[in-house]
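Please read the structure below before turning to the comments.
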Amino acid sequence: MMRIGHSTDIHRLEPGEALILGGTLIPSHLKSVGHSDADCLLHSIAEAFLGSLALGDLGSHFPDTDAANKGLDSKEILSYAYDLVLNHGYRVVNIDSMVFLEKPKLRSFIEAIRKSIAMLLNISVDLVSVKATTGEKIGIVGTSQAIVCETVLLVEKVKI
């Protein structure tokens, strides 16, 4: 049996020294803002994992009203969601993510981001697709007010 997960995450951008994306530190004059470390890409993947098995959303597992989640490393969020997938007897078939961000340009960081995600999930990098696009200088992405990440993934029940 196969299950599809889908998620979109958005974070406000503000002046900063770096952006955390896919567990990778990207030099930037902007950083994303959130209750955790605000890694929009890992949040999108984690929530897609939860959605693939109808296990709720990130807010139900990591409420922003819980002080314990303040500044939480998004790698822990991803690990938690992925452990649920594994514990339910599923494996990753593929992950396909899109990052919507005006600046910085991500082309030179994509492979490092893919490798980081694959390493965090202990899966082959060829199962992880990360793409990036801009907002063409329009809307909240194009005016660098926000970063948006969208993920679609497929998990498959492991045959015993």
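Every number in this text was worked out from the coordinates using simple rules, so none of it is lab data. As the structure is a computational prediction, the values presented were derived from the model and not from experiment. Methodologically, a virtual Cβ is constructed for each residue, glycine included, from the backbone with ideal geometry; neighbour enumeration extends over all protein chains shown.
On inspection, VAL155 does not qualify as crowded, with 18+ Cβ neighbours inside 10 Å, closer than 28 Å to SER28 by Cα and not polar (S, T, N, Q). Note on region 24-38: residues that are of a type in the set (Gly, Ala, Ser) and part of a strand (DSSP E or B) total 1. Where helices (runs of 4 or more DSSP H) fall entirely within region 69-160, those with at least 3 residues that are closer than 16 Å to GLY22 by Cβ and of a type in the set (Gly, Ala, Ser) are at 74-87, 110-121. For region 119-135, the set of residues classified as surrounded by fewer than 18 Cβ atoms within 10 Å (Cβ to Cβ) and more than 18 Å from HIS11 (Cα to Cα) consists of MET119, ASN122, ILE123, SER124, VAL125, ASP126, SER129, listed by residue number.
Of all residues in region 66-85, none satisfies the criterion of being in contact (Cβ under 8 Å) with a residue 60 or more places away in the chain and small (Gly, Ala, Ser). Mind checking whether some residue in region 12-21 is farther than 17 Å from GLU76 by Cβ, in contact (Cβ under 8 Å) with a residue 24 or more places away in the chain, within 11 Å of the chain's Cα centre (by Cα) and not in a loop (DSSP other than H, G, I, E, B)? Within region 12-21, not a single residue is farther than 17 Å from GLU76 by Cβ, in contact (Cβ under 8 Å) with a residue 24 or more places away in the chain, within 11 Å of the chain's Cα centre (by Cα) and not in a loop (DSSP other than H, G, I, E, B).
Residues in region 56-68 that are surrounded by 11 or more Cβ atoms within 10 Å (Cβ to Cβ) and assigned to a helix (DSSP H, G or I) were compared, and the one that is nearest to the chain's Cα centre (by Cα) is LEU58. A Cβ distance below 8 Å, combined with a sequence gap of six or more or placement on separate chains, defines the contacts here; from region 41-65, residues that are over 29 Å from LEU106 (Cα atoms) reach residues that are surrounded by fewer than 21 Cβ atoms within 10 Å (Cβ to Cβ) and hydroxyl-bearing (Ser, Thr, Tyr) in the pairs HIS61/TYR80.
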